[in-house]
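Just so it is clear, none of the values below were taken in a lab; they were calculated from the coordinates. Treat the numbers as computed from the prediction; the structure is a model and nothing was measured. Because the Cβ atoms are built from the backbone with ideal geometry, glycine has one as well, and the counts that use them run over all protein chains shown.
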Amino acid sequence: MESTVPKWWKEATIYQIYPASFKDSNGDGLGDIPGIISKLDYLKALGVNVLWICPFYKSPQYDMGYDISDYQDVHAPYGTKADIDALISGVHERGMKVIFDLVVNHTSHEHAWFQESRSSKQSPKRDWYIWKPAKMVDGKRAPPNNWRSNFGGSVWQWDEHTQEYYLHYFAPQQPDLNWENPEVRKAVYATAVNYWLDKGVNGFRIDTVNMYSKWLDFPDADIVDPSTPWQPADKFYSNGPRLHEFLKEMHRECFGRYDVVSIGECPNTPNFHDVLPFVSTKEKELDMVIQFDLASMDHGGGELRLWHRDWSLRLFKAITEDAQKLAIPEHDGWCTTYLENHDQARSVSRFANDDPKYRVAGAKMLATYLLTLSGTPIIFQGEELGMVNMPPSWDVDKEYKDLNTIDYMVELRRMAGSDKGMLEKGIYGAQRTARDHGRTPIQWDDSSQAGFSTAKDTWMRVNDSYKEINAATEEKDANSVLAFYRQLLTLRQEYKELFIYGMFELHESEDDNTITYIKRNGDQNALVLLNFTNQDQSFVIPSTFKGQPELLLSNLPKAGKHVLRPYEARIYVNKGKRVVNGA
Ligand code: TEU
């Protein structure tokens, strides 16, 4: 086999929508479903073909909808069930597809299943969640083990009513379902998955998909921070003993019965060989996964995960090469490529440069990376405008709304005590990497509230940059980040045999400043050159490039001969040799 098997979801470019911040249609300061519908033509014109809608379901919103209390109902401030139907048909009428977010590792504590489960130890649904008696330590009640939850504190929450602890990998308002119980799995498939697939939804992005199967002996984690009882337990949260069995069953009962896409979010799984079984076609589990290696490269690990650390371009390249391997024919899998999502800071601020002098070139350079790789790219809302992080002048305690950041600040203050240096370092970490940065309202124009809302106050403050960075201004500018995304998205489809199905060949893996790769398919090839620095960088055309290089696209005018200017990106192809439909 010369090339991997074509599929619609391989040719997809996904655009991720975070409903709270996309577009407010009724002036309450919060985005909503009619707001999304009003922008479908904008998305069609952008050139993306699949929309991923983050949770819009009924939820008390402790974690922005990742705490669902009814899988079939809609969070009222976002709209109605009829609005969701209109969204699905509006997307389909425009020839695009739509996927939803599937959050079934946990429910909200307000979900009827949990309400019933916590009502008594005899409840028929008691076993639908994970309950454990207290451990007695020195005559005092203690949780069953020392695991720290993803948002800080213990993963165990004491329940007064029935005098037991329940498990929550995330917030206490997000109790983990007991996937060991076949009734739970059946109920999940019917109510959360197939209900929507029957309505014509084209698939799911699946939240924390590798956390379903638990290590039921719940061993204590190693103590890395003696100042707290709660220790990082990342290696225990994920990839439990029955995970692959559960995913095969979900494929059989759900995804395999429809022509849909399944994209699993897969934290704590850095190793290519561990990822392959999830996505290898013959395993019949998932179509692709969202890995975390790039996304967490500049995050501190351990007890304070928002802590900022330096990242290196060498590692960036090695991670890219590893993911691209999943898509080669002998592995028969597929991968995703993304630089942003609702859990991440803005990529131009993280990986390029958000100084106004370099922002446009930097955002276009990253776009070139995102849209020339094999695997399905995911563009996060606002990334196509080159949106940037919240400014450092904003008060972390006032303007950051994410429970993860709020919990982090509590823990930071506890750890820092009177150590001002540590406090400042911790705040700097939030300013670099907090999830809030991706959640500010989309900047549609330069009117007040950036055209996102007519409300006086929006749920999160609009980024100060909106006068300069906004869709309306960029629409009028042929050299804008938005215009460049449109061009690239057109080229990705036009040259799909290279950018989607071509084989990835990394060059200069040891270079700390630039990324160089060839995408190859038979006699055709494209060379991609990316300068990640604010300095000129020289380059050579790799000797394995076949034919005469012709410049296909560059993010800066008048490309010089052997030098890439700051944040310059170029794509060369051997046009003469082009075979149309060579995929
Ligand atoms: O995120 C899962 C996840 O492991 C991280 O990306 C998460 O942001 C981090 O652990 C926080 O410290 C998913 C969702 O994308 C995220 O928004 C939810 O908060 C989380 O699951 C729980 O549903």
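Summary of computed values
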read-out: Prolate/oblate/rounded call for segment 112-167, Cα gyration tensor, a/c under 1.5 rounded; value: oblate
read-out: Relative contact order for segment 212-362, counting Cα pairs under 8 Å that sit 6 or more residues apart, in percent; value: 17 percent
read-out: Using a Förster distance of 60 Å, the FRET efficiency for S448-D198 (Cβ separation, nearest 0.05); value: 0.90
read-out: Radius, Kirkwood style, for segment 468-551 when every pair of distinct Cα atoms is counted (Å); value: 14.8 Å
read-out: Percent of alpha-carbon pairs separated by more than 32 Å within the chain; value: 46 percent
read-out: Principal axis dimensions, segment 503-581 - Cα atoms, whole angstrom, descending; value: 37, 28, 19
read-out: Gain in span if fully extended, S227 to D274, counting 0.36 nm per residue against the direct Cα distance; value: 13.6 nm
read-out: Cα-Cα pairs of segment 252-323 separated by more than 15 Å (percent); value: 61 percent
read-out: Simple spin-label estimate for D41 and D85 in nanometres, 7 Å along Cα-Cβ; value: 2.5 nm
read-out: Highest to lowest packing among 70-79, 149-158, 310-319, 554-563, scored as the average C-beta count within 10 Å; value: 149-158, 70-79, 310-319, 554-563
read-out: Value of relative contact order over the chain, rounded to a whole percent, pairs C-alpha under 8 Å and six or more apart; value: 14 percent
read-out: Segment 385-514: C-alpha gyration tensor shape, a/c 1.5 cut-off, then a/b vs b/c; value: oblate
read-out: Candidate lysines - alpha carbon under 21 Å from K135, same-chain residues fewer than 8 apart omitted; value: K121, K214
read-out: Helical mean residue ellipticity (222 nm; -39500 (n - 2.57) per DSSP H run of 4+; nearest 500) of the chain; value: -7500 deg cm²/dmol
read-out: Separation between Cα centres of segment 403-433 and segment 354-396, rounded to whole Å; value: 25 Å
read-out: Pairwise FRET efficiency - K357 versus H562, Cβ, R0 = 25 Å, nearest 0.05; value: 0.60
read-out: Theoretical gain in end-to-end length, D138 to A472 [0.36 nm per residue, Cα-Cα removed]; value: 113.8 nm
read-out: Distance-filtered residues of segment 281-310 - backbone nitrogen under 16 Å, label point 7 angstrom along K425 Cα→Cβ; value: 299-310
read-out: For segment 449-467 and segment 92-106, distance of Cα centres in Å; value: 27 Å
read-out: Length added when fully stretched, E510-R314, from 0.36 nm per residue minus Cα-Cα; value: 69.9 nm
read-out: Under the Debye formula (equal points on every Cα, no solvent term), log10 I(q)/I(0) of segment 392-439 at q = 0.24 Å⁻¹; value: -0.86
read-out: Approximate spin-label separation K7-D28, in nm, with each point projected 7 Å along Cα-to-Cβ; value: 3.8 nm
read-out: Distance histogram for segment 168-216 (every C-alpha pair counted, 5 angstrom bins, percent rounded to whole numbers); value: 5, 17, 23, 26, 18, 9, 3, 0
read-out: Cα-Cα over 27 Å, subset of K10/K39; K23/K364; K7/K282; K317/K401; value: K317/K401
read-out: Pairs of lysines in segment 503-581 (C-alpha under 14 Å apart; 8 or more residues apart or interchain); value: 4
